[in-house]
Amino acid sequence: AAAAADNGAEARSPEGKRYLSQPLVRDIYTADPSAHVWGDGKLYVYPSHDIPTETKDDDLGNQYAMRDYRVLRIDEPGGPVTVGPVALDVKDVPWASQQMWAPDAAYKDGTYYLYFPARDKTKDRNGLGAFRIGVATSKNPMGPFKAEPTAIPGSFSMDPAVFTDADGKAYMYFGGIWGGQLQRWKNGKYDPNGSDTDLKQDDKPALSGQIARLNPDMKTFAETPRDVVILDEKGKPVLGGDHERRFFEASWVFKRDGKYYYTYSTGDTHFLNYAIGTSPYGPFTYKGHILKPVQGWTTHHSIVEWKGKWYLFYADTQLSGKNHLRNVKMTELTFNPDGTIPTIDPFVE
Ligand code: FUB
């Protein structure tokens, strides 16, 4: 269970700051919240389910040792949060070995699709599998979900996020560097001996998140994944050394007023950023920070409109003070008249 010592709204960060918002759930640790409003008008959050481990923090993220998923449901803004039972366990995923990282979900024609990354059963020089992305289905948004026997063919790396456009076409955005292994796929094939961090080419265009349109079955890619390019204000790709702007992980896409917003985490500089484009494929022009660094190393989010307001779902380590034991939070997100987003500070005072 989460730390009992937490004192709610009076809680302060180690720096003595008050938190902008409070954990949605205190009974279990959760992170990487992917929020969706389905046809019943309720809001469902598909988070990672963090668990305690003795593993020390490292650049590969071995401390994020998650083994299953639980779905959260909120019936009304500000209302109580229902924590669902185990929705999918790694032991029921034939191809996966460990590390059920950040998931997402989609809905089509009466079926809910849970997309999730996990390491496969191969072993690299660190003795660890390659990340792949799987899919599991259910007739119930809370699960339980049944996994397909294999990972999605052609999938790699982690952090899937599925965006369905108004024309019904669905796209998966995915990928992440460092422990997410995107740097090991730079030639289109997995290099198990590739870098554990990035390409180490700071003056070259940064590694890009990936996009692939899904087939109507929602279980397979309709195309070879392509780069999601982020351009700077001069129209040049953001460079690998530009750690406050370059893509690290945690893609999330939404559409507002006909514009596509590509949002992502900068990892080691701990920002959530956004870039705007006119097509789901991009390119996307960098616009700014959505969220300043939270307490804890990772920052991974989602953005959704619910009953006329927009919300940012994110996570920090308020309850535990430990990077791998996170708690999801929710706060309102606003837009300026020109569509830009005022930066949110996760602390007040
Ligand atoms: O939660 C495990 C990993 O840490 C996620 O997949 C990343 O986005 C980061 O939050």
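The values are calculated or read from the model by the stated rules, or taken from the named source; none is laboratory data. Everything numeric in this text was worked out from a predicted model, so none of it was measured. With ideal geometry, Cβ positions are generated from the backbone for all residues, glycine too; neighbour counts draw on all protein chains shown. Ligands, DNA and RNA are excluded from the accessible area calculation, which covers all protein heavy atoms including side chains. Shrake-Rupley method; radii C 1.70, N 1.55, O 1.52, S 1.80 Å.
The residues of region 194-307 present an accessible area of 40 Å² per residue when probed at 1.4 Å with all protein chains retained.
Counting only residues at least eight positions apart within a chain, or on another chain, the lysines with an alpha carbon under 18 Å from that of K219 are K108, K139, K146, K169. Amide H contacts under 5 Å for F131: D120, S157, restricted to partners 5 or more places along the chain or on a different chain, H placed in the peptide plane at 1.01 Å from N. Karplus-derived 3J(HN,Hα) values for region 127-132, using 6.51 cos²θ - 1.76 cosθ + 1.60 with θ = phi - 60°, are x, 10, x, 7, 6, 10 Hz; glycine and proline are entered as x. Candidates T30, N7, T53 compared by Cα position along the dipole of region 1-64: farthest toward the positive end lies N7, with charges placed on Cβ. Checked against a 23 Å cut-off, the cross-linked pairs K91/K322; K259/K287; K189/K322; K186/K236 give Cα-Cα distances beyond that limit for K91/K322; K189/K322. Sparsely packed loop sites in region 10-75 (the GluC sites (Glu not before Pro) outside DSSP H, G, I, E and B with at most 16 other Cβ atoms within 10 Å) comprise E15, E54. Remark on R67: its backbone amide H falls under 5 Å from those of M100, a criterion applied only to residues 5 or more positions apart or on other chains, H modelled at 1.01 Å from N. Taking the inverse of the mean reciprocal distance over all distinct Cα pairs, the Kirkwood hydrodynamic radius of the chain comes to 20.0 Å. The HN-Hα couplings worked out from phi for region 178-195 by the Karplus form 6.51 cos²θ - 1.76 cosθ + 1.60 (θ = phi - 60°) are 6, x, x, 6, 4, 5, 7, 10, 5, 9, x, 10, 6, 10, x, 9, x, 4 Hz, whole numbers, x standing for Gly and Pro.
What you get for the chain, charging only the Cβ of Lys and Arg (+1) and of Asp and Glu (-1), is a dipole of about 500 debye around the Cα centre.
Placing V37, V90 in order of accessible area, with the largest value first and a 1.4 Å probe, yields V37, V90. Surface composition of the chain: carbon plus sulfur atoms contribute 50% of the solvent-accessible area (1.4 Å probe, protein chains only, all chains present). Solvent-accessible area of V83, all protein chains in place: 50 Å² (probe radius 1.4 Å, heavy atoms, ligands and nucleic acids excluded).
The distance from the alpha carbon centre of region 95-116 to that of region 167-222 is 17 Å, rounded to a whole number. For region 1-158, the Cβ-based charge dipole about the Cα centre amounts to some 240 debye (Lys, Arg positive; Asp, Glu negative; other atoms uncharged).
Between the amide H of T30 and those of D50, R326, N327, V328, distances stay under 5 Å, these residues lying 5 or more places away or on another chain, with hydrogens modeled in the peptide plane. The convex hull built on the alpha-carbon positions of region 246-337 has an orientation-averaged projected area of 6.2 nm².
Along region 44-56 the Karplus relation, 6.51 cos²θ - 1.76 cosθ + 1.60 evaluated at θ = phi - 60°, assigns HN-Hα couplings of 10, 10, 9, x, 6, 10, 6, 9, x, 8, 7, 4, 6 Hz to successive residues, with x for each Gly and Pro.
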